[in-house]
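Trainee: To start, I am sharing the structure in question, which I have written as structure tokens.
The values are calculated or read from the model by the stated rules, or taken from the named source; none is laboratory data. Since we're looking at a predicted model, the values are computed, not measured. As a convention, Cβ positions derive from the backbone with ideal geometry for all residues, glycine included, and neighbour counts pool all protein chains shown.
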Amino acid sequence: MHTISQGRLAFLLLFFAGLALYPLIAGEYGVDFVTKIMIYAILALSLELLVGNVGLVCFGQAAFFGIGAYGAVLLSPQDASASWLWLLPACVAAAALYALFVGALSLRTKGVYFIMVTLAFAQMAYYVVHDTPLGGGTDGIYLYFKPGLDSAIDLSKPHTLYYFTLVFLVWTFVFLAILLRSHFGRALAGIKINEQRMLASGFYTYPYKLAAFITSGGIAGLAGFLFAVKDGFVNPEMMSWHLSGALLIMIILGGLGYLEGALIGAFAFIFLQEFFKSDAIFGSFAKHWQLGLGLTIIACVALLPKGLIGLPDWIHKRLYGEKRIITEKMS
């Protein structure tokens, strides 16, 4: 479990302050784009809890994300705007409930079997919305009236939704930071380091892993709700295994074991994706954007084993050799 040094705390303050000030200089497209990235950052944080802090590689995170999104549409009235005060908790609860079901069964397996079981449950959820009228099939369904709270919080306005999403991004980060520094978080760290030793000492780990799994699913449901509100539309591709794979890449790219790594990874991944898709920069090669993105990620992982969060340390080593500052470890 990692503590936050003064340098990392300063980065976080500047990071969130920059996000708060960004709409003052950005246009409508920029606000919508960064809102999308912040939603993915919340989703990446939910997976970071499992992979980076418990050692559970879940390949079904997209299912909880999709359930939160579909819940926002299916639970909303067709002729009026719903209040987010009850709709948001309902979507989070729906995703957490499915996480309880999936976790209760999948956590009895380990390693690659756990990965495959979570993927299987995610595909089950995918086919429910893909092949039944419940989710509108391949066409998806629309959210005609975006939720709000009277005239005070109208989530149909881009700037209001932007700050609404930012508040929940900060809340998610702070909540997980406090959680991981509690006794519960120390138990999760012990499970990640050596679960067998904890079991041998009489420590029953299953309830802790299940609680972490449910918490992760609920946070993913929160991200799904925000995504549905932003786009006003959901379809089965939100639950595809491709998204779960992309989330794993985000947290590895940013740096496993660090909540900040999930933030950095989400922003870096989406920015790189848009960069390589740009016709203005790459011309006709932009249609092969996956190749450029893949090569860049491979280079980052090869040069920065700790992820992008280790970039300052990597630069320091290149400038000053093997002498390293250990202030962060001592703080």
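Trainee: Looking at (1) crowded, with 23+ Cβ neighbours inside 10 Å; (2) free of Cβ contacts under 8 Å to residues at least 40 places away in the same chain, can you tell me which one HIS183 breaks?
Mentor: (1)
Trainee: Would you pick out the residues in segment 90-105 that are more than 18 Å from the chain's Cα centre (by Cα) and either among the charged types (D, E, K, R) or farther than 18 Å from ALA211 by Cβ (or both)?
Mentor: Correct list: ALA90 only.
Trainee: PHE121 passes all but one of (1) under 23 Å from GLY217 (Cα atoms); (2) exposed (fewer than 15 other Cβ atoms within 10 Å of the Cβ); which number fails?
Mentor: (2)
Trainee: Here's another thing I want to ask about it. Keeping to segment 302-314, report how many residues are modelled with pLDDT under 85 and in contact with a Gly (Cβ under 8 Å, 6 or more places away or on another chain).
Mentor: Residues flagged as modelled with pLDDT under 85 and in contact with a Gly (Cβ under 8 Å, 6 or more places away or on another chain) within segment 302-314 amount to 2.
Trainee: Next up: For segment 126-151, give me the residue count where each residue is of a type in the set (A, V, I, L, M) and either in contact with a Cys (Cβ under 9 Å, 6 or more places away or on another chain) or under 11 Å from GLU237 (Cα atoms) (or both).
Mentor: First pass over segment 126-151, keeping only residues of a type in the set (A, V, I, L, M): 128-129, 134, 141, 143, 149.
Now restrict to residues that are either in contact with a Cys (Cβ under 9 Å, 6 or more places away or on another chain) or under 11 Å from GLU237 (Cα atoms) (or both): 129.
The number of residues fulfilling the criteria is 1.
Trainee: Any idea how many residues of segment 190-231 are of a type in the set (Gly, Ala, Ser) and either surrounded by fewer than 19 Cβ atoms within 10 Å (Cβ to Cβ) or more than 19 Å from TRP171 (Cβ to Cβ) (or both)?
Mentor: Of the residues in that region, 5 qualify.
Trainee: Taking the condition of being closer than 19 Å to VAL170 by Cβ and either of a type in the set (D, E, K, R) or touching a residue at least 40 places away in the same chain (Cβ under 8 Å) (or both), how many residues in segment 7-21 meet it?
Mentor: Final tally of qualifying residues: 7.
Trainee: Taking segment 133-172, which residues are in contact with a Phe, Trp or Tyr (Cβ under 9 Å, 6 or more places away or on another chain), over 23 Å from TYR29 (Cβ atoms) and in a helix (DSSP H, G or I)?
Mentor: LEU134, GLY135, VAL170
Trainee: Show the residue pairs meeting these rules: Cβ distance below 6 Å; 6+ apart or different chains; first residue within segment 36-58 and closer than 20 Å to LEU119 by Cα; second residue assigned to a helix (DSSP H, G or I) and among the polar types (S, T, N, Q).
Mentor: Hits for this filter: LEU45/THR172; SER46/SER216; LEU47/GLN61; LEU49/SER216; LEU50/SER216; CYS58/THR118.
Trainee: Restricting to segment 67-103, name every residue that is closer than 10 Å to PHE225 by Cβ and out of contact with any helix residue (DSSP H, G or I) (no Cβ under 7 Å at 6 or more places or on another chain).
Mentor: Scanning segment 67-103 gives TRP84, PRO89.
Trainee: Could we say that THR215 is under 21 Å from TRP86 (Cβ atoms), assigned to a helix (DSSP H, G or I) and touching a Leu at 6+ places or on another chain (Cβ under 6 Å) here?
Mentor: No, not satisfied.
Trainee: Pull up segment 1-51, narrow it to residues that are among the polar types (S, T, N, Q) and at pLDDT 90 or above, then point me to the one that is farthest from ALA63 (Cα to Cα).
Mentor: Top of the filtered list is THR35.
Trainee: Continuing with this model, one more query. Picking from ALA268, ALA212, ALA220, which residue would you name as being modelled with pLDDT of 95 or more and more than 28 Å from PRO147 (Cβ to Cβ)?
Mentor: Criteria check complete, one pass: ALA212.
Trainee: Moving on to the next point. Hey, could you check segment 128-155 for residues that are charged (D, E, K, R) and touching a residue at least 60 places away in the same chain (Cβ under 8 Å) and say which is surrounded by the fewest Cβ atoms within 10 Å (Cβ to Cβ)?
Mentor: This residue is ASP139.
Trainee: Can I ask one more? Would you point out the residue of segment 270-321, among those that are in contact (Cβ under 8 Å) with a residue 40 or more places away in the chain and in contact with a Lys or Arg (Cβ under 9 Å, 6 or more places away or on another chain), that is nearest to TYR40 (Cα to Cα)?
Mentor: That would be ILE270.
Trainee: Residue under question is LEU188, and the condition is that it be within 22 Å of CYS58 (Cβ to Cβ), modelled with pLDDT of 90 or more and not in a loop (DSSP other than H, G, I, E, B); does it hold?
Mentor: Spelling it out, LEU188 is indeed within 22 Å of CYS58 (Cβ to Cβ), modelled with pLDDT of 90 or more and not in a loop (DSSP other than H, G, I, E, B).
Trainee: Take the residues of segment 232-241 that are part of a helix (DSSP H, G or I) and in contact (Cβ under 8 Å) with a residue 60 or more places away in the chain: which is surrounded by the fewest Cβ atoms within 10 Å (Cβ to Cβ)? Reasoning before the result, please.
Mentor: Of segment 232-241, the ones part of a helix (DSSP H, G or I) are 236-239, 241.
In the following step, the residues that additionally are in contact (Cβ under 8 Å) with a residue 60 or more places away in the chain were identified as 236, 238-239, 241.
Working: PRO236: 21, MET238: 24, MET239: 31, TRP241: 16.
For segment 232-241, the residue satisfying everything is TRP241.
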